[in-house]
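The values are calculated or read from the model by the stated rules, or taken from the named source; none is laboratory data. Predicted model only: the values in this text are computed from it and were never measured. Neighbour counts run over all protein chains shown; Cβ positions are idealised from the backbone, glycine included.
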């Protein structure tokens, strides 16, 4: 599953390939956003841990695994 995290005042976004479901990631995000000063911690498929301060998260995109990737500009 691919997760993209936009960070405030940073032109690039964090892009991670993580195991688990979209619900697991959403629960981790909700838990981090509930408390002041907390950090969202995610572990990617290579075992690297990435932490983002919750107050710096601008947006999160969660894209599920797809068996086929679309190529081209035609309608979906």
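One residue stands out in the range 1-31 among those that are within 11 Å of residue 56 (Cβ to Cβ) and not in a strand (DSSP E or B): the one that is farthest from the chain's Cα centre (by Cα), namely 9.
With respect to the conditions (1) more than 23 Å from residue 12 (Cα to Cα); (2) at pLDDT 90 or above, residue 58 lacks only one, and its number is (1).
Taking each residue of the range 22-51 that is on the phi > 0 side of the Ramachandran plot and free of Cβ contacts under 8 Å to residues at least 60 places away in the same chain and looking for partners that are surrounded by fewer than 12 Cβ atoms within 10 Å (Cβ to Cβ) and in a helix (DSSP H, G or I) with beta-carbon atoms closer than 7 Å, six or more apart or interchain, yields nothing.
Being out of contact with any helix residue (DSSP H, G or I) (no Cβ under 7 Å at 6 or more places or on another chain) and either surrounded by 12 or more Cβ atoms within 10 Å (Cβ to Cβ) or on the phi > 0 side of the Ramachandran plot (or both) is the filter here, so list the residues in the range 1-14 that pass it. If you could, list the steps in order and put the result at the bottom.
As a first pass, look at the range 1-14 and keep what is out of contact with any helix residue (DSSP H, G or I) (no Cβ under 7 Å at 6 or more places or on another chain): 2, 4-6, 9-14.
Of everything in the range 1-14, those that are out of contact with any helix residue (DSSP H, G or I) (no Cβ under 7 Å at 6 or more places or on another chain) and either surrounded by 12 or more Cβ atoms within 10 Å (Cβ to Cβ) or on the phi > 0 side of the Ramachandran plot (or both) turn out to be 2, 4, 5, 6, 9, 13, 14.
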